[in-house]
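Written below as structure tokens is the structure these notes are about.
Each reported figure results from applying straightforward, stated rules to the coordinates on display, with no laboratory input. Since the structure is predicted, the reported quantities are computational estimates derived from the model, not experimental observations.
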Amino acid sequence: MLFSYTYVPHQMEKMQAFIDYIFYDVWCKTPGSGPFDLNLFNTNAELREVMEAFYYSDAQGADFFYGHVERIYGLFSPLTAAQINQFKQWYQGNNDLEKVCTNDPTAQLARYTDIAVTHQNIAVQLGNFFKGLYSPSLLGLVALSKKIGDINEHYHNFVTTNKTGKCPFCGIGDIKGEHHSKREAYDHYLPKALYPFNSINFRNLAPACHECNSTYKLSKDPMYGPAGRRKAFYPYAAAGHAIEIQVVLLGSDVARLTPAEVSLHFGPRPLTRKSTLGETFTASRSAIKPSSAERTTASTGLCRCWTNAWHMTSNLPIF
């Protein structure tokens, strides 16, 4: 990453708090709790109100949420204490993004494929549930949104604090700001297609430009390389990294440069050993953003060429 974001607290964090309660106080307490009913939520009044509204609603999102919470409750019922403890470690690991990004061995990451080795049915239902949490048909329901707020409001607050206007993952794409009527998509840093438990955790969500989010990253996993687990940049790190970038142009016709004519060198060496080439592309914004005097056809072509050359130098995520 070129720079880290400042984390912005918001009412929407309550959604992750609801999921925490469902996991720890409902699913993990299934043995001995009896049949699934609304009384399981009595110690969380706001969540109880949401679940009761969903129980009586015929909205698709309400049925999705209530139905999956109930089904997964049933699948947890026969688990042993040791198995439930393993799920707790996976849940904690997948949600401790800062520790995970340091490759701390005490943070036990779990992908759906890892869970499926011993709990195939649970992995399938967890996948259906957590991949669907980040859905307008659910988050837009009045019974829920009046508790957790609106994601567009979160984005407005976010870009009011994070004013760079550039994507931190590539440094070239623009990020829509507070005066735009639309917003950028939030990237799931740990892809929701691969990882359960954190799809609505805003420490795992970071706005990214369209090119990074929808073209280059997709569901690539920043936590694993060809050799296994690795360090990665944390999107909300308090301290950044000093990065060196050298750009050598091998052609004189700037407007028509090809990626092969742009040589990129990254450093310092200790940091390049830490992570992939893509992960070390964290230059300062001014290093790659054209100045107003440079915004000509030629400079636009050069920026595009740098982007293409950058992505061609590595088949790994740029995150």
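Amide H contacts of VAL262: LEU250, each under 5 Å away and 5 or more positions distant or on a separate chain (H built 1.01 Å from N in the peptide plane; Pro and chain starts excluded).
Checking the cross-link pairs LYS99/LYS231; LYS99/LYS147; LYS29/LYS99; LYS146/LYS192; LYS88/LYS220 against a 21 Å limit on the alpha carbon distance flags LYS99/LYS147; LYS29/LYS99; LYS146/LYS192; LYS88/LYS220 as lying beyond it. What the phi angles of region 185-202 give under the Karplus curve with 6.51, -1.76 and 1.60, with θ = phi - 60°, is a coupling list of 6, 8, 7, 7, 4, 8, x, 5, 6, 10, 10, x, 6, 10, 6, 10, 7, 6 Hz, glycine and proline written as x.
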